[in-house]
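Below: the structure, in structure tokens.
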2 protein chains.
Amino acid sequence: MKVEIGAKNCLYPMPTTLVGALVNDKPNYITIAHVGIMDLGSISLGMGKSHYTNAGIRANGTFSVNIPSTKMVKKTDYCGLVSGKTQDKSDLFKTFYGKLKTAPMIDQCSINMECKLIKTVDFPTHDVFVGQILETYCDESVLTDGMVDFEKVHPILFVMNNRSYWKLGSRFAKAWNVGKTLINEPVSEK
Amino acid sequence: MKVEIGAKNCLYPMPTTLVGALVNDKPNYITIAHVGIMDLGSISLGMGKSHYTNAGIRANGTFSVNIPSTKMVKKTDYCGLVSGKTQDKSDLFKTFYGKLKTAPMIDQCSINMECKLIKTVDFPTHDVFVGQILETYCDESVLTDGMVDFEKVHPILFVMNNRSYWKLGSRFAKAWNVGKTLINEPVSEK
């Protein structure tokens, strides 16, 4: 039985990220889970216009997207609770820089993506910043055969509806593969 | 120890969706996991320009975003393996329509978001369609106290790196809450 629940966004869970930017020459980190993938090499960040970080992303044309682990949930949540306007968050993590020099990254996060701002899409209350990934840094400990293994990353998944953080479960099927058995079979189920 | 792995997109896992559109007056469904949230009420779909569905989204200015469960993984994967150009996918699911009349939705998916196309962002190889959610339909069975409960939805999470589908794990912390203990505490960890 279908029920209408209003215009409710249910595109969850989303990966929780810490976005890094230089604001007034200092590293600042903000929690963002309203993210997206545009094409293979680019990431979008849906960021409320009131945020302190937005000016830094515009000024430098760079930012980083860092993937915190479930162990970092307190600090991750904290970065979404307090604004850089009133709280200096530059000391919260060990910061490092890559090729761009203006995209501060978090050493404690096992994955860091260094991005160049390529588009800003304007929404009434949000700036959507689109970054092209220029380089990805990761801890050797999350690699399996040279590939990032999400079982080792322990990402924090976010669900807006009831404001909650979730763990990643188990891998259970291969993409572009598990559906092959249906090719050339009658699959109607109207 | 950090290693550079090239410009690798690691913004995963992402929720796997089935996007519905009318193409040449017939319902068509395609698997899309390169999705995003722009602002609270809108969703982006990063869709390769070669896809059959894109013309239908443009023609009608509408589409649906349906959330399949892990039980539907074979059909979900199948919709990403075969193109509507060569295979009629209109019979694959029981289709229903909502307010818009031109956004076919999948009865078997527990969550269906009916969207109006509000922006198309052009990328070299991809059309990024941005839809405003006009109405959300869901199975009563996935609600807890009138709210969508993702523990009951069993979404399919997608990781590109090793082309895999994953389950959602357990809820483990409250957002905008678990980090409160760090407010007014020294949290430097440089």
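The values are calculated or read from the model by the stated rules, or taken from the named source; none is laboratory data. Nothing here was measured: the structure is a model prediction, and the numbers come from that model. When we count neighbours, we look across all protein chains shown, and the Cβ atoms used for this are built from the backbone with ideal geometry, even at glycine. With ligands, DNA and RNA removed, areas are computed over all heavy atoms of the protein, side chains included. Shrake-Rupley method; radii C 1.70, N 1.55, O 1.52, S 1.80 Å.
Within the range A:134-155, does at least one residue satisfy the condition of being of a type in the set (Phe, Trp, Tyr), more than 25 Å from B:Ala175 (Cβ to Cβ) and assigned to a strand (DSSP E or B)? For the range A:134-155, residues of a type in the set (Phe, Trp, Tyr), more than 25 Å from B:Ala175 (Cβ to Cβ) and assigned to a strand (DSSP E or B): present. If you go through the range A:117-127 and pick out every residue that is surrounded by fewer than 18 Cβ atoms within 10 Å (Cβ to Cβ) and within 17 Å of B:Lys8 (Cα to Cα), you end up with 1. For the range B:153-190, name all the residues that are under 17 Å from the mean Cα position of the chain (by Cα) and not hydroxyl-bearing (Ser, Thr, Tyr). Once the filter is applied, which keeps residues that are under 17 Å from the mean Cα position of the chain (by Cα) and not hydroxyl-bearing (Ser, Thr, Tyr), the range B:153-190 yields B:Val153, B:His154, B:Pro155, B:Ile156, B:Leu157, B:Phe158, B:Val159, B:Met160, B:Arg163, B:Trp166, B:Lys167, B:Leu168.
Among the candidates B:Ser44, B:Ser69, B:Ser64, the residue that is over 30 Å from A:Tyr97 (Cβ atoms) and out of contact with any helix residue (DSSP H, G or I) (no Cβ under 8 Å at 6 or more places or on another chain) is uniquely B:Ser64.
Scanning the range A:29-57 for residues that are touching a Gly at 6+ places or on another chain (Cβ under 7 Å) and more than 25 Å from B:Pro13 (Cα to Cα) yields a single hit, A:Tyr52. When the strands (runs of 3 or more DSSP E) confined to the range B:1-114 are screened for residues that are more than 8 Å from chain A (Cβ to nearest Cβ), open to solvent by less than 20 Å² (accessible area, probe 1.4 Å) and among the hydrophobic types (A, V, I, L, M, F, W, C), those reaching at least 3 such residues are found at B:17-23.
A residue that is outside any loop (DSSP other than H, G, I, E, B), in contact (Cβ under 8 Å) with a residue 12 or more places away in the chain and either among the polar types (S, T, N, Q) or within 7 Å of another protein chain (Cβ to nearest Cβ) (or both) cannot be found anywhere in the range A:175-188. Among the residues of the range B:122-143, just one is of a type in the set (D, E, K, R), free of Cβ contacts under 8 Å to residues at least 24 places away in the same chain and at the interface with chain A (Cβ under 8 Å from one of its Cβ atoms), namely B:Glu140. In the range A:13-37, the residues that are farther than 16 Å from A:Asn162 by Cα form Cβ pairs under 7 Å with partners that are open to solvent by 20 Å² or more (accessible area, probe 1.4 Å) and among the β-branched types (Val, Ile, Thr), at six or more places apart or across chains, as follows: A:Leu18/A:Thr31; A:Leu22/A:Thr102; A:Pro27/A:Thr95. For B:Gly146, the stated conditions hold: it is on the phi > 0 side of the Ramachandran plot and more than 7 Å from every other protein chain (Cβ to nearest Cβ). Candidates B:Lys75, B:Lys85, B:Lys99, B:Lys89: the one that is without any contact (Cβ under 8 Å) to a residue 40 or more places away in the chain and in contact with a Pro (Cβ under 9 Å, 6 or more places away or on another chain) is B:Lys75. Does B:Asp139 count as touching a strand residue (DSSP E or B) at 6+ places or on another chain (Cβ under 7 Å), open to solvent by 20 Å² or more (accessible area, probe 1.4 Å) and over 23 Å from B:Asn28 (Cα atoms)? When the stated conditions are applied, B:Asp139 does not pass them. Here B:Lys167 meets each of (1) modelled with pLDDT of 95 or more; (2) closer than 26 Å to A:Cys79 by Cα; (3) open to solvent by 60 Å² or more (accessible area, probe 1.4 Å); (4) not aliphatic (A, V, I, L, M) with one exception, condition (2). Looking across the range B:9-25, the residues that are at pLDDT 95 or above and within 21 Å of B:Leu100 (Cα to Cα) come down to B:Thr17, B:Leu18, B:Val19, B:Gly20, B:Ala21, B:Leu22, B:Val23.
B:Val130 meets the conditions (1) among the hydrophobic types (A, V, I, L, M, F, W, C); (2) more than 29 Å from A:Arg171 (Cα to Cα); (3) not in a strand (DSSP E or B) in every case but one. The failed one is (3).
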